[in-house]
Amino acid sequence: MNKIIKVLIIEDERKISNFVKRGLIEEGYEVDAVFTGEEALGKIEEKEYNLIILDLMLPDMNGFDICKNIRDKGIQSSILMLTARNSIEDRIKGLDIGADDYLTKPFVIGELISRMRALLRRGPSVVDGNISVGDLSLNTKTHEVFRAGKLVELSQKEFSILEYMMVNEGVVLTRTMIEDHAWDYEFDSFSNVVDVYIRMLRKKIDDGYKNKIIKTVRGVGYKVKG
Ligand code: CA
């Protein structure tokens with residue numbers, strides 16, 4: 001029998017909360033939803049969750065305080081924050097105080113689920129902001145990337161794409177998912193900008209190494225694997 005994964009959604013926007021809850025229940029998760037910080041803290045005391053989806057903007061408390069409170073209590077649940085677009089400071093702050101990953105609004109349910117799977121697979125947390133895939137490591141706090149111990153210089157966009165792929169190690173990401181993650185605007189569907197960035201990343205990360213970390217999944221997209 002499969003283990004049931006328990007998820008808590010802390011989000012005051014009913015529309016988002018309901019849409020996420022429905023999607024996760026369809027995937028077989030056990031889901032509770034609360035709409036305020038106070039309710040959230042109560043729920044966390046009474047039940048153990050594998051994963052907590054935490055919106056940063058709540059009517060009575062902010063998500064950072066809730067996140068800090070959860071970690072101060074020694075609770076190890078994975079925490080996935082929901083943040084507004086373009087708030088890089090929020091993401092960094094969140095990761096610093098113990099969130100494991102973030103997702104920017106608006107998002108599609110498929111992306112949320114793939115992030116959740118990656119988090120649940122990888123266990124409670126990214127140690128000190130370090131994510132590793134094979135001999136490639138990326139630090140979400142210092143924004144440094146190393147391949148086989150050698151520093152790799154990446155542009156901000158390249159970093160953002162690589163981070164997204166590494167968080168989702170082993171998960172095939174479509175061009176659309178990568179675009180949605182890394183850019184705020186819509187591309188026309190014939191744009192090959194993702195391919196261009198992948199080519200640049202390969203040059204910096206895989207060139208000269210026998211083991212290629214960025215893999216092409218023909219007809220679908222890309223994934224990273226150690
Ligand atoms: Ca909100």
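The values are calculated or read from the model by the stated rules, or taken from the named source; none is laboratory data. Every value quoted in this text rests on a predicted model; they were computed, and no experiment measured them. With ideal geometry, Cβ positions are generated from the backbone for all residues, glycine too; neighbour counts draw on all protein chains shown. Quick note on the areas: whole protein, heavy atoms, side chains included, nothing else; ligands and nucleic acids left out. Shrake-Rupley method; radii C 1.70, N 1.55, O 1.52, S 1.80 Å.
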Please identify the pairs in which a residue from the stretch 9-27 that is closer than 18 Å to ILE44 by Cβ and within 16 Å of the ligand (Cβ to nearest atom) has its Cβ atom under 8 Å from the Cβ atom of a residue that is open to solvent by 80 Å² or more (accessible area, probe 1.4 Å) and not acidic (Asp, Glu), counting only partners at least 6 apart or on another chain. ASP12/MET57; ASP12/PRO59
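Residue-wise test of (1) within 25 Å of TYR164 (Cβ to Cβ); (2) open to solvent by 10 Å² or more (accessible area, probe 1.4 Å).
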{"position": "ILE4", "(1), (2)": "no, yes"}
{"position": "GLU11", "(1), (2)": "yes, no"}
{"position": "ARG14", "(1), (2)": "no, yes"}
{"position": "THR36", "(1), (2)": "no, yes"}
{"position": "GLU45", "(1), (2)": "no, yes"}
{"position": "LEU54", "(1), (2)": "yes, no"}
{"position": "LEU58", "(1), (2)": "no, yes"}
{"position": "ASP90", "(1), (2)": "yes, yes"}
Does LEU136 meet the test of being open to solvent by less than 50 Å² (accessible area, probe 1.4 Å) and in contact with an Asp or Glu (Cβ under 7 Å, 6 or more places away or on another chain)? no
Given (1) crowded, with 19+ Cβ neighbours inside 10 Å; (2) within 16 Å of the ligand (Cβ to nearest atom); (3) under 28 Å from LYS157 (Cα atoms), index of the condition PRO106 fails: (1)
GLN76 fails exactly one of (1) touching a Pro at 6+ places or on another chain (Cβ under 6 Å); (2) within 16 Å of the ligand (Cβ to nearest atom), namely (2)
Residue under question is ILE70, and the condition is that it be away from the ligand (no atom under 16 Å from the Cβ), of a type in the set (Val, Ile, Thr) and surrounded by fewer than 22 Cβ atoms within 10 Å (Cβ to Cβ); does it hold? no
Go through the stretch 198-218 residue by residue and tally those that are closer than 24 Å to PHE107 by Cβ and at pLDDT below 95. 1
For SER77, work out the one condition from (1) small (Gly, Ala, Ser); (2) touching a Leu at 6+ places or on another chain (Cβ under 7 Å); (3) at positive phi it doesn't fulfil. (3)
